[in-house]
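Reviewing the structure listed below.
The values are calculated or read from the model by the stated rules, or taken from the named source; none is laboratory data. This one's a predicted model, so the numbers in the text were calculated from it and none came from an experiment. Backbone-built Cβ (ideal geometry, glycine too); neighbour counts: all protein chains shown. Calculation scope for accessible area: heavy atoms of the full protein, side chains included, ligands and nucleic acids excluded. Shrake-Rupley method; radii C 1.70, N 1.55, O 1.52, S 1.80 Å.
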Amino acid sequence: MPDSPFLSQEDVRAELAQFHRSAHRTPNTAFYGRGDPNHADVVFKQQSRRFDIVPVTCELELRQKLQEAEAEGKAIALLVDYDQRLPVDVQGRLAGGSLRFISPERRLVNLFGVPRAAPALVESPLAEALLRSGWVFPPIKTAPIIDLGTAWRHFLGRAIGLPTEAALTEEALLDFFALRSPSAADPLLHKLIEEVPQLAVALEQFWGGTVGPIARLCWINWRAGRALDVAAMTFVLDGLIARQGEGAVKVFLSLRLTSLGDAKSIATASLLERWARLAPALYLRLGDRFPTVLQKANAMVDAPGLDEFLGGSRFLSIGFDRTKQELAAQLTNAVSSVNPQGAGLVRRAEVAKAEALYRKLSEHHLAKAPENAPTLARTMMGLRLLAFLSIRTDWETELANATPVEPVYRLAEWFAHEGGFVDMARKLVRGGHDSDALEAALARVADAADACRDLMDRRFGRALALWNEDRRAGRILPIENALAELGVRFLEGGDQRRLLILVMDGMSWASAAEILLDISEMGYSPLRWQPPRAERPGLPVPMIAALPTMTDVSRAALFAGKLPSPGEPTSTTRDPERLLQNKAFVKAFGDGPTLLLRTDAESQTGELTENARKLVQSGERVVGVVVNAVDDQLTSKPGYHVSANRTTIKALQPLLELATDARRAVLLIADHGHVTSTRPHTVVDTGNGESPRFREIGLEAPVVRQDAWRRRMS
């Protein structure tokens, strides 16, 4: 006898409900099939009756179970699996007088709780596999018919855990199978593939026809325990596909693909290109499982002579390393046109090549690794310096026929417009280890920018002495005029205007650029308002500190509104008194603002004090606070690089938030400024008890105090 069909509880229940819609002299019913002991609640004639489902394996057992049911008045559904014919006397004791047979189509629709099954499903090898499995599936309530595709999804969901609702794509299948062991499948799957003719072929046709050829390849190799190889090969092909015609690449692919199946059918250009295109989507799907797949991919390409073909890989480590080397060589070549004296321009075509390599490096997945983030950030600064070196003005030629003092104005305006950002980039580009080729190349870019800035500084310094003889206000704002022009004139624009004068000791325009970029996240940006005599509206007004640019001298000039007289005490402890007596404020408002120095505004740990909070929140129209965080950073070792932002300047964010709440504009201003560097330096003894500072200096340059003053101006 052929194997009897497995009848599920739902098969029996559905058939009983259908059969007993007509009256029968007995409820006891027999079906040809096998199954598990159970029960089924059936409703007919508006009444519910429970049937015991009773499997029997021989005629004797059948007669015994039937006699017990009749004696006890129970209703039973007998599952007869040993014969398709019953004795006449037994048939006479059953509903309908015969053994009932359930058609394959009926059993299929019972599996899924739908009225009909598509002919393509009924005639497929999948139908036999489903009926043999004995699996029961949740009812499908969204369609009146079960089609072949839906049946495959439910079958595979039960057999291998494939989600039934998710869209089937090749990258989704690569992700699903990559790290899943074949042992995770239901053991019955392997038995069904062995027992049901053509099921294995039908499965491959489903993957290839419904999803795609890579899905079929993935399925075949998953069953063989090689699904990880297929996923890893996706990232290998991403790097090699552009070079697939090369001899060494063709040999490598032939060997690798042979291990994954029929190399001739796999190694077609269209299939390999399709496979390679899946890499970005597969990378996103893998998430934290990606390193395992990548490790396999990197091991696959560990072959002599293959490195040179993998420079375009966005995922393999060799692609990242080779792109870094190419970018390092490009940066080094680009700045070779700038001589040690700072003359010469970088060609714009060289900048474009470097930018293209940087984009390529940034698109590599390793660019997101925390350990590579600092290098990528420095590289961005290096590219900005490279762009500066390609478009910078030739000041020696530009100013050749200018008056002796003109370079002060022109270079100060340039510095206020973009020079501070150049200096910020010079600071941020440094810090890598010279043993790394890209970091060494960035150091060369920084050296070229340093040489260029030195050339400009020398030109500026020669003209500064002439301008300083009368310090005429106009295109440049002397620091002693700053509060009158930027503070008093702003307040005179309306009684509703309130102001916080925030003096950041030692803040150069480079540091100010860092701060402005950082606080833009709080909604802060420069006002459109400009003082009446601004020569170039829309640009910051260049301001020059008092010489010598020491804290006590220059800050005294800022708060007093005038340069200190020869021999006049310049101690910073008198700054609150100087601001209170500032002539511009006294003339406009009767007296000057209240000022808190660092000792009153900042705690020992750099936090904003309660006194400072109360002052900013007070009803006074204008108040002043001195924060020393930037200047204090100079006391650290030269190897430390500290950014100027809300994290390193602890009092900054609270001050800005309080100013916002008090509806105050903020005048962010410095008394002098420092541009830090890692170039060779020596200590300059500034005298007067002030702490020594580091400064940039060439080995051949004289160490003189006057030169130090010029190099430390804002």
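Quick one: which helices (runs of 4 or more DSSP H) lie wholly within the range 222-285 and hold at least 2 residues that are under 20 Å from residue 309 (Cβ atoms) and in contact (Cβ under 8 Å) with a residue 40 or more places away in the chain?
Here the list reads 227-240, 247-258, 269-277.
Residues are listed down the side, and each one gets a yes or a no for (1) open to solvent by 20 Å² or more (accessible area, probe 1.4 Å); (2) not polar (S, T, N, Q):
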residue	(1), (2)
477	no, yes
487	no, yes
510	no, yes
516	yes, yes
542	no, yes
554	no, no
Check your understanding: Listed residues 626, 630; which is crowded, with 18+ Cβ neighbours inside 10 Å and modelled with pLDDT of 90 or more?
Key -> 626
Check your understanding: Does at least one position in the range 215-235 carry a residue that is over 25 Å from residue 285 (Cβ atoms), basic (Lys, Arg), out of contact with any Pro (no Cβ under 6 Å at 6 or more places or on another chain) and at pLDDT below 95?
Key -> no
Review point. When the residues of the range 66-91 are filtered to those that are touching a Gly at 6+ places or on another chain (Cβ under 7 Å) and either of a type in the set (Phe, Trp, Tyr) or touching a residue at least 12 places away in the same chain (Cβ under 8 Å) (or both), which remaining residue is farthest from residue 39 (Cα to Cα)?
Key: 81
Review point. Do you know which residues across the range 36-92 are open to solvent by 70 Å² or more (accessible area, probe 1.4 Å), charged (D, E, K, R), farther than 15 Å from residue 20 by Cα and not in a helix (DSSP H, G or I)?
Key: 36, 74, 85
Check your understanding: For residues in the range 211-250 being among the β-branched types (Val, Ile, Thr) and open to solvent by 10 Å² or more (accessible area, probe 1.4 Å), which is nearest to the chain's Cα centre (by Cα)?
Key -> 241
Review point. Taking the range 307-329, which residues are without any contact (Cβ under 8 Å) to a residue 60 or more places away in the chain and more than 25 Å from residue 281 (Cα to Cα)?
Key: 308, 326
Check your understanding: For residue 461, all conditions in the list (1) more than 27 Å from residue 593 (Cβ to Cβ); (2) open to solvent by 30 Å² or more (accessible area, probe 1.4 Å) hold save one; what is the number of the exception?
Key -> (2)
**Study point:** Candidate set from the range 386-427 (those that are under 30 Å from residue 328 (Cα atoms) and hydroxyl-bearing (Ser, Thr, Tyr)); member that is farthest from the chain's Cα centre (by Cα)
**Key:** 393
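Please work out if residue 197 is assigned to a loop (DSSP other than H, G, I, E, B), touching a residue at least 40 places away in the same chain (Cβ under 8 Å) and open to solvent by 50 Å² or more (accessible area, probe 1.4 Å).
For residue 197, the condition - assigned to a loop (DSSP other than H, G, I, E, B), touching a residue at least 40 places away in the same chain (Cβ under 8 Å) and open to solvent by 50 Å² or more (accessible area, probe 1.4 Å) - is met.
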Revision key, fill the gap. Among the residues of the range 329-349, the number that are more than 18 Å from residue 440 (Cα to Cα) and either assigned to a helix (DSSP H, G or I) or touching a Gly at 6+ places or on another chain (Cβ under 9 Å) (or both) is 2
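Matching residues to (1) open to solvent by less than 20 Å² (accessible area, probe 1.4 Å); (2) at pLDDT 90 or above:
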{"residue": "396", "(1), (2)": "no, no"}
{"residue": "404", "(1), (2)": "no, yes"}
{"residue": "417", "(1), (2)": "no, no"}
{"residue": "425", "(1), (2)": "yes, yes"}
{"residue": "428", "(1), (2)": "no, no"}
Point to revise | Filter pass, residue 646 being out of contact with any Lys or Arg (no Cβ under 7 Å at 6 or more places or on another chain), at pLDDT 95 or above, among the basic types (Lys, Arg) and more than 22 Å from residue 552 (Cα to Cα) | key: no
Exercise for review: Among the residues of the range 489-504, count how many are open to solvent by 10 Å² or more (accessible area, probe 1.4 Å) and in a helix (DSSP H, G or I).
Suggested key: 2
Revision key, fill the gap. Among residues of the range 431-448 being open to solvent by 40 Å² or more (accessible area, probe 1.4 Å) and assigned to a loop (DSSP other than H, G, I, E, B), the residue nearest to residue 340 (Cα to Cα) is 434
Practice item. Identify the residue in the range 593-611 that is crowded, with 16+ Cβ neighbours inside 10 Å and in contact with a Pro (Cβ under 9 Å, 6 or more places away or on another chain) and, among all such residues, is nearest to residue 487 (Cα to Cα). Key: 595
Point to revise | Set 388, 315, 320: member being open to solvent by less than 40 Å² (accessible area, probe 1.4 Å), of a type in the set (Phe, Trp, Tyr) and in a loop (DSSP other than H, G, I, E, B) | key: 315
Check your understanding: Which of (1) open to solvent by 20 Å² or more (accessible area, probe 1.4 Å); (2) in contact (Cβ under 8 Å) with a residue 24 or more places away in the chain; (3) out of contact with any Lys or Arg (no Cβ under 7 Å at 6 or more places or on another chain) does residue 123 not meet, given it meets every other one?
Key -> (2)
Point to revise | the range 323-356, residues that are of a type in the set (Val, Ile, Thr) and surrounded by fewer than 19 Cβ atoms within 10 Å (Cβ to Cβ) | key: 332
